[in-house]
Amino acid sequence: MEAKLYVGNLPFKARDDSLQELFAQAGTVVSANVITDRESGRSKGFGFVEMGSPEEAEKAIQMFNGYSFEGRDLRVNIARPREERPRGGGRDRRGGQGGGGNRRY
């Protein structure tokens, strides 16, 4: 049975392969995914690692929570199940007044 970990405070240049290589020191890594921004492709500073067993996941937490990785102290814990978020219904979340119309400068 696998165990999924949340890994926070990742350096922005972190990639899936570097995360997998690091966590392989604690055991079998089933998957490693750095979450990236859709538009820029830049890391959002967190990711998920799926370890081969709960014991390996616990070992990874012990080894890497607070571990300095490329100058950043990682935050590692068991990932919580994803919460369903309500759909926006087409609402623009950027805020602001919108439009500009026929302004003359």
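Computed from the coordinates by the stated procedures, all read-outs in this text should not be read as laboratory data. These numbers come from a predicted model, not from an experiment. For neighbour counting, all protein chains shown are included, and Cβ atoms are generated from backbone atoms with ideal geometry for every residue, glycine included.
Summary of values
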{"read-out": "At most 10 other Cβ within 10 Å, DSSP loop - GluC sites (Glu not before Pro), region 1-88", "value": "GLU39, GLU83, GLU84"}
{"read-out": "Equivalent ellipsoid dimensions for region 9-70 as semi-axes, Å, which come from the Cα gyration tensor, largest first", "value": "21, 12, 9"}
{"read-out": "Eligible lysines near LYS59 by straight Cα distance, threshold 20 Å, same-chain separation 8 or greater", "value": "LYS4"}
{"read-out": "For LEU10, residues with placed amide H under 5 Å, excluding near neighbours", "value": "PHE46"}
